[in-house]
Amino acid sequence: IFGEKQNEVTVMMQSDNYIIQKQTDTRLDSEFLVLYGTLSNGNLILMRTALESIRESVNLSNTFLACVGVVAAIISAVVIVFVSRGITTPLLRLTDISKRMTELDFEAKYQPGRRYHNEVDELGEYMNVMSTTLEHTISELKSANNQLQIDIDKKTQIDEMRKEFLSNVSHELKTPLALIQGYAEGLKECINDDAESRAFYCDVIMDEASKMNQMVKNLLTLNQLEFGNDEVEFARFDIAALVRGVIASCDILIQQAGASVDFVSEEKVYVWGDEFKTEQVVRNYLTNAIHHVDNEKRIEVRIVSSDGKVRVSVFNSGKPIPEED
């Protein structure tokens, strides 16, 4: 139809040799790219192509690239997850092992999960070595600490035993010294002129000196007590005769206190025990009773046998020990 404008032309690029135009054919409702010009050899060039085919190619390429991009992203994500899990899982296991080590739990060990070793597996192996070393070291420290505590307790116990032992010995030395002094003064003042009394006085002095010598030996062998080697020497002896001997040796102290001693016992009472230590105990009780006798100044020593055991009791008249003491 003449007179209608069928083509719209738009110049897209222009140079001295060629022109690129976009033409719109309204009749065909399509667009074309047109290139015309001259070549370097003077020949003319004319090219015309539809834009629709170019657009289809571009859309197809874009769709293909989009699909490829999505697939690549998915594959990359899966690969990253597996790779990161392969790295993070051993690290999490190492973290758990280190946490248990801080709680002194050395049972957990790192086990490599791959056929090939990497840096994480090597770190895990070193952590296993460190765990074993720490367990061994802590065990040695605990053993040393326990032994140290035992030594401290034993040293404390030894010190207490030494104090008690020295206190007991010093207390027990007072009685032999008092007896020796008393009987020596009696000999000097000739209280009894007969030879039998003088011989008895001398026997008591010699016997008490012998007991003091034994006590001094105990002091010299204090190491035995410190290391728990002080043993009781069991022997069968007549405890009634032993008590009579103690009462007889303390006679001068009894006279000085103005007291009387009643001994209630069978003629012979045999027991098993350490005779020397038993005599020390009996002498301790009797001399304490003499020193604290009062009122009618009566002392009673009684031996009672019952159920295969022997009980020795010492009673004195006087003020009772205060409740707070």
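Once amide H atoms are placed 1.01 Å from N in the peptide plane, what residues at a sequence separation of 5 or more from Tyr110, or on another chain, have their amide H within under 5 Å of its amide H?
Amide H neighbours of Tyr110, under 5 Å, 5+ apart: Asn128.
Could you size up the charge dipole of the chain around its Cα centre, putting +1 on the beta carbon of Lys and Arg and -1 on that of Asp and Glu, and report it in debye to the nearest 20?
Around 1640 debye, computed over the chain.
Any idea which of Leu134, Ala178, Pro112 is furthest toward the positive side of the dipole for region 52-196, if Lys and Arg beta-carbons carry +1 and Asp and Glu beta-carbons -1?
Towards the positive end, the residue furthest out is Pro112.
Considering only protein heavy atoms, what per residue accessible area in square angstrom results for region 32-171 with a 1.4 angstrom probe?
Value returned for region 32-171: 76 Å² of accessible area per residue.
Where in region 9-29 does the label zone of Ile45 land, with the point 7 angstrom along Cα→C-beta and an amide N cut-off under 15 Å?
Answer for region 9-29: 13-21.
Loop only by DSSP, 15 or fewer other Cβ within 10 Å of the Cβ. Give me the chymotrypsin sites (Phe, Trp or Tyr not before Pro) in region 92-146 that pass, ordered by residue number.
Here the sparse-neighbourhood loop sites are Tyr116.
I'd like the accessible area for Glu8, computed on protein heavy atoms only with a 1.4 Å probe and all protein chains in place. Round to 10 Å², please.
Estimated to the nearest 10 Å², Glu8 gives 100 Å².
Which log10 I(q)/I(0) values does the chain give at q = 0.07, 0.15 Å⁻¹ under the Debye formula, counting every alpha carbon as one identical point scatterer?
Values, matching the q order: -0.67, -1.29.
Using only the heavy atoms of the protein chains and a 1.4 Å probe, how would Phe64, Phe165 rank by accessible area, largest first?
Order by accessible area, largest first: Phe64, Phe165.
Please turn the phi angles of region 122-129 into ³J(HN,Hα) values with the Karplus equation 6.51 cos²θ - 1.76 cosθ + 1.60 (θ = phi - 60°), one per residue in order, whole Hz, x for glycine and proline.
Residue by residue, region 122-129 yields 5, 4, x, 5, 5, 5, 4, 4 Hz.
Where the convex hull is taken over the Cα atoms of region 1-133, what is its projected area averaged over directions, in nm²?
Projected over every direction and averaged, the Cα hull of region 1-133 covers 18.1 nm².
Test of understanding: what is the full-extension gain from Arg55 to Val9, defined as 0.36 nm times their sequence separation minus their Cα-Cα distance?
Full extension of this stretch gives 14.7 nm more.
Apply the Karplus curve 6.51 cos²θ - 1.76 cosθ + 1.60, θ = phi - 60°, to the phi angles in region 311-325 and return the couplings in whole Hz, x for Gly and Pro.
3J(HN,Hα) across region 311-325, in whole Hz: 10, 10, 10, 10, 10, 9, 7, x, 6, x, 5, x, 4, 5, 9.
Full-extension gain between Asn118 and Leu166, please, as 0.36 nm times their residue separation minus the C-alpha to C-alpha distance.
Length gained, Asn118 through Leu166: 10.2 nm.
On the protein heavy atoms, probe 1.4 angstrom, tell me the percent of accessible surface of the chain carried by carbon and sulfur.
Whole-percent figure for carbon plus sulfur exposure: 56.
Rounded to the nearest 20 Debye, what is the dipole magnitude of region 109-210 about its Cα centre when Lys and Arg each give +1 and Asp and Glu each give -1 at the C-beta?
Dipole size: approximately 740 debye.
Step through the residues of region 53-62 one at a time and calculate ³J(HN,Hα) from phi using the Karplus curve (6.51 cos²θ - 1.76 cosθ + 1.60, θ = phi - 60°), rounding each to whole Hz and writing x for Gly and Pro.
For region 53-62, the Karplus-derived couplings read 5, 5, 5, 4, 5, 5, 4, 4, 5, 4 Hz, x marking Gly and Pro.
The values are calculated or read from the model by the stated rules, or taken from the named source; none is laboratory data. In this text the structure is predicted, and so the values were computed from the model without any measurement. Neighbour counts are summed over all protein chains in view; Cβ atoms, including those assigned to glycine, are modelled from backbone coordinates with ideal geometry. Remember, those area values only see protein heavy atoms, side chains included, never the ligands or the DNA or RNA. Shrake-Rupley method; radii C 1.70, N 1.55, O 1.52, S 1.80 Å.
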